[in-house]
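Written below as structure tokens is the structure these notes are about.
Taken together, the values in this text are just the output of simple stated rules run on the coordinates, not laboratory data. Treat the numbers as computed from the prediction; the structure is a model and nothing was measured. Glycine also receives a Cβ, built like all others from the backbone with ideal geometry; neighbour counts cover every protein chain displayed.
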Amino acid sequence: MSLQCDIGFVGVGVMGKNLILNLADNGYKVAAFDLDPTKLEALEQQDRAENQTGEARIHTVNSYTELLASIKQPHLVVLSVPAGHIVDDVCKKLIDAGIQADGIVVDTGNSLWSDTVEREKQYKSKFLFFSTAVSGGEVGARFGPSLMPSGDPYAWTRIGPMWQAIAAKVDPSTGLPIERQEPGNPVKEGEPCAAYIGPAGSGHYVKMVHNGIEYADMQLICEVYHVMRSALGMTPKQIADVFKEWNKGVLNSYLIEISAEVLETLDDQTGQPVVDIILDKAGQKGTGLWTAVSSLQLGCAAPTIAEAVYARAVSTRKDERQIAANQLQGPAIDIHGVDKDAVVQMLHDALYCAKICAYAQGFDLMATAAVEYGWDLKYGEIASIWRAGCIIRARFLQSITSAYKANANLENLLLDPFFTEQMSSNHQHWRQAIGFAVMQGIPVPALSSALSYYDAYRCAVLPANLLQGQRDYFGAHTFERVDAPRGEKYHVEWTDAKRPSIHIK
Ligand code: 6PG
């Protein structure tokens, strides 16, 4: 069988296969290549089981040359391969196979955004290098991911209709995802979670920040679980029930929903809650770390995201922690007279406030990067394409969308009137929840870093005055005066008895 396909794919792993099937469900003919023939066989097998059209819609091929020969010109090729040098290896193979200068190659991996910027330049004379960051895991890829494309606007005119067809959809009347997971019956109505982000690299930057927020959100949920489990002595099932209840309100989100499911799942072998069997060592592939590094490089505070990365790092020191657990003193758990339901309510409010701060940090980071790199990011649109399909999808993304639609230049999400009010109503419980955890000796780095971020941000005078004094004392680094125009530099001769303040031109 041979087809003139609309689009070609390199990489038929879990994500590639599901994106291909999603495109096929939406009426696109797809050519697919993978170095591993068993993956092509698995794709063909799944297509045979699911294809209800009676027409050939997926064409598997055995080489890059065959791939290019099977798709319409100008060529449109999607890469679904691991981030890193493999992307370049595949680009070189496509050049060798004869891709033309008007061909488009779309990288969908979790690539480092700055690699994408370099690649666009590097391949300019060979083909158009475009990128689309994908969120939503394997189910998202199959039935509706959130897509963050960036690069040459012409390439977007080619790939855009396909991405909007396969993307997750939001019901505009509620701002909530339209859920449907049936092969051959894609969601066609609703607002697609795919919007052009901007120049090369910007989409992957936005996806990187999405993942940073994802790290923070996951860690925050883990911390409230830890308090309930270790201080309040609740069982995984009881905590799952709390999360299910929370999922009906302001905390409604995919991550809360799956956390409840993880907590109520039992281990086949032992019959125990599977969460009690899973070793407490967290893995990571790097996107949260990149977000934290970028925040440090840009001088934009994102401490809750950074703490989430550190929390994973601490978790990996399992053997050391086991030794320290027997050696280092902390308080004994004491919940005598504690109203457990009240603590659970405090934890709810703490999670909500901290989560708002994590998003505030992520959006602030994107805004800082946009200024630094000359991007015109549309924050309302970014929030809107995170309402469905992606891992951080949550009901309150509708409120974030509204906040940025009302004020595209909002300096910080916390300054939006709705979020200001939410923080005002809930911050007392947040403080109490952290105080409770601290007194019981339960680590809550993300919850408390978010509170410090909130308190620092609303603090008109920070102790940076003393810090500048210290810097000027030992290094003559100068400081600005509160009573002089900004930008004027002053220095004190600290060791001089009279200590004059000298104006430095
Ligand atoms: C998504 C996820 C996805 C992946 C993470 C996992 O949006 O679909 O974020 O990109 O699951 O990269 O990251 P870690 O392995 O670093 O937790």
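Observations, loosely collected:
- Contour excess over end-to-end distance, with Cα ends at Gln45 and His336 and 0.36 nm allotted per residue: 98.8 nm
- Comparing Gln297, Leu128, Leu176 along the charge dipole axis of the chain, the residue lying farthest to the positive side is Gln297, per the Cβ-charge model.
- Each of Ala195, Leu220, Phe243 was scored by the projection of its Cα onto the charge dipole of region 158-260, and the greatest displacement toward the positive side belongs to Ala195; charges sit on the C-beta of Lys, Arg, Asp and Glu.
- Around the Cα centre of region 367-505, unit charges on the Cβ atoms of Lys, Arg, Asp and Glu (plus for the first two, minus for the last two) sum to a dipole of about 220 debye.
- Label point distance in nm, Lys505-Lys72, each placed 7 Å from Cα along Cα→Cβ: 6.9 nm
- FRET efficiency, 1/(1 + (r/R0)^6) with R0 60 Å, evaluated for Glu493 and Glu257 via beta carbons: 0.45
- For the chain, the longest principal axis of the alpha carbon atoms and the long axis of helix 113-122 meet at an angle near 40°.
- All other residues whose Cβ lies under 14 angstrom from that of Tyr352 are scored, Lys and Arg at +1 and Asp and Glu at -1, for a net of -1.
- Dimensions of region 204-247 based on its C-alpha atoms, expressed as ranges along the principal axes with the largest first, amount to 41, 19, 11 Å.
- Spatial extent of the chain: Rg and Dmax, with the Cα atoms as the point set, Å: 25.7, 93
- For Lys29, a cut-off of 29 angstrom between C-alpha atoms picks up these lysines, skipping any fewer than 8 places away in its own chain: Lys17, Lys39, Lys72, Lys92, Lys93, Lys124, Lys126, Lys169, Lys188, Lys207.
- Rg to Rh quotient for region 169-246, alpha carbon positions, Kirkwood Rh: 1.13
- Using alpha-carbon coordinates, inclination of helix 340-373 to the longest axis of the chain, degrees: 70 degrees
- The chain - share of DSSP beta bridges that are antiparallel (%, nearest 5): 40 percent
- Cα lying deepest toward the dipole's positive end in region 396-505, options Leu413, Ile504, Met423, charges on Cβ: Ile504
- Overall, the chain carries a charge dipole of about 820 debye about its Cα centre when +1 sits on the Cβ of Lys and Arg and -1 on the Cβ of Asp and Glu, all other atoms neutral.
- Axis angle, to the nearest 10 degrees, between helix 397-406 and the longest C-alpha principal axis of the chain: 80 degrees.
- Separation of alpha-carbon centers, region 406-474 and region 92-132, rounded to whole Å: 42 Å
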